[in-house]
Amino acid sequence: MRLGDIIHVASADTYTVKLCDENSGFAGQFVSISMSDATIIGVVTGVSHSIREDMVGYISQDKKIKYQPYIEDYKNSYCTVHGLGTLSDGDGDGAVYAIDRSPHIDDPVKPASHDEIVRFHTAGKRPHAPYLHDLRDRLQSPVILKMIDEIRDAVPESEKMLDLVRKYMKRIA
C-alpha cells in the first residue's frame, strides 16, 4: 500500500508527501522510503488538507458529476515526514539513526511494515530507540506518544522502557 509521493525535500530529514488518499496517514505513523541501497524510516509529523479556493464555490452539486475530472484537482492532502534513520537492505540489524542523503522528488512513501519497525527498533536482539530523546525538542508530544504506541505494538519487549519515556513526555507536555 502506498501512502503517497514526495513532492518537496526541505532537508535531509524533512519531506512533504502528497497523499494518495485523504483518509490515509496520521501523526505518529512510521513510514518507509526505499532508496537504491537502503530504506529511510521516518514518521509522519502532521497531516493537512487543502482546497483550492477558486474552485469551491462555483460548482453546484448537480454539475459536479458532469465536471468530475476537474473537481478532483481542487482537493489536496499532504503530510510532513521527519526522517529518523536508515535500514540497510538485506539481513541483519543495519539501523543507522542518521540520514546522510535525502530521497528524491516522486519517491514513493509507504507505511513501514511490522518487520521494518522491529528491525529499526532492535539492536543485538534488544529494544533500542536512541533517537527518542532528541525528538522531544523537534516534535510535538502527541506525535511522540503515538510513536511510542506504534513501537510498543511492534516490539512488545520494549514496554518497560517505553513506559518511562511516555511518563516523561506527559510530564514535560
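Listed values, structure above:
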| read-out | value |
| --- | --- |
| In nm, spacing of pseudo-spin labels at Ser113 and Ser88 (7 Å Cα→C-beta vector) | 1.9 nm |
| Cβ crowding within 10 Å averaged over residues, with 133-140, 155-162 ranked highest first | 155-162, 133-140 |
| Greater than 30 Å apart at Cα, pairs in Lys125/Lys167; Lys18/Lys167; Lys125/Lys146; Lys75/Lys167 | Lys18/Lys167; Lys75/Lys167 |
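Read the figures in this text as sums done on the coordinates, not as results from a lab. Here the structure is a predicted model, which means the values were calculated and not measured. Cβ: placed from backbone, ideal geometry, glycine included. Neighbour counts: every protein chain shown.
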